[in-house]
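Working notes, beginning with the structure itself.
No lab work stands behind these numbers, since they all come straight from the coordinates. Not measured: the values here are computed from a predicted model. Glycine gets a Cβ as well: all are built from the backbone with ideal geometry, and neighbour counts include every protein chain shown.
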Ligand code: PEP
């Protein structure tokens with residue numbers, strides 16, 4: 001049995017004061033949802049404040065990115081150790097980082113190896129662009145991102161990895177993938193690739209999320225799919241009622 005998992009990616013939204021307010025409003029209702037692993041991923045400057053507010057709750061904290069090096073002359077970057085001081089999770093390879101900040105399968109893999117070394121639970125994002133989708137390259141692209149991004153990982157650590165299938169054309173566009181299509185990509189592309197890397201038992205233990213315009217209105221359709229274990233939520237994670245409702249849907 002894979003425990004349902006819901007993470008909120010706040011992206012570049014909320015000052016520290018606004019983050020405090022959002023968590024203050026989310027905390028009680030979110031804590032009451034049992035049976036789901038829940039994670040908030042605010043921007044770096046808010047991690048300290050949010051970690052204080054989440055103390056004593058079962059809500060986890062994640063960063064949206066990190067560098068793979070431990071320290072040094074990498075101006076503007078944040079190390080795995082800095083993330084680990086406050087977080088248990090880290091999002092790696094989000095499509096916005098791939099599109100705007102030069103993230104590649106190789107850099108995702110280096111970061112994943114760094115997460116393994118320091119003991120952070122990674123949420124690794126994969127997904128095809130609109131152009132790739134329209135030219136029927138979903139299978140090739142998602143298989144490549146999975147196999148290169150997750151290569152050289154210890155099978156013992158692999159079961160802890162969370163993979164998020166996020167078709168780029170569905171992120172922040174309001175054009176969510178159908179639940180059937182998302183499930184087919186997870187079942188026919190991602191899990192077979194995970195099985196090739198780590199063996200079938202581990203592939204069946206790894207949680208795979210769907211992400212891309214998930215809302216309270218459509219979340220249950222995804223969670224009803226046998227191969228989808230939760231959601232990575234962007235825009236809707238900034239709204240208390242929406243995010244709580246999505247999390248409750250995952251618990252059912
Ligand atoms: C995301 O940021 O990972 C995401 C899926 O965004 P949205 O839910 O807004 O499409």
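Side notes on the structure shown:
- Failed condition for residue 245, given (1) part of a helix (DSSP H, G or I); (2) within 13 Å of the ligand (Cβ to nearest atom): (2)
- Filter result (part of a helix (DSSP H, G or I) and without any contact (Cβ under 8 Å) to a residue 40 or more places away in the chain) within the range 150-191: 156, 181, 184, 191
- Boolean, residue 25 is within 18 Å of the chain's Cα centre (by Cα) and over 14 Å from residue 121 (Cβ atoms): no
- Screening the range 229-240 for residues that are more than 27 Å from residue 195 (Cα to Cα) and within 15 Å of the ligand (Cβ to nearest atom) and picking the one that is nearest to the chain's Cα centre (by Cα) gives 234.
- Only residues that are surrounded by fewer than 17 Cβ atoms within 10 Å (Cβ to Cβ), within 17 Å of residue 62 (Cα to Cα) and touching a residue at least 40 places away in the same chain (Cβ under 8 Å) were counted in the range 12-40, giving 1.
- Annotation: of all residues in the range 71-85 being surrounded by fewer than 18 Cβ atoms within 10 Å (Cβ to Cβ) and either in contact with a strand residue (DSSP E or B) (Cβ under 7 Å, 6 or more places away or on another chain) or in contact (Cβ under 8 Å) with a residue 12 or more places away in the chain (or both), the one that is farthest from residue 43 (Cα to Cα) is 81.
- Residues of the range 203-228 satisfying the condition of being more than 15 Å from the ligand (Cβ to nearest atom) and either surrounded by fewer than 19 Cβ atoms within 10 Å (Cβ to Cβ) or assigned to a loop (DSSP other than H, G, I, E, B) (or both): 204, 205, 206, 220, 224, 225, 226, 227
- Enumeration of residues in the range 66-116 that are touching a helix residue (DSSP H, G or I) at 6+ places or on another chain (Cβ under 6 Å), under 23 Å from residue 173 (Cβ atoms) and part of a loop (DSSP other than H, G, I, E, B): 93, 103
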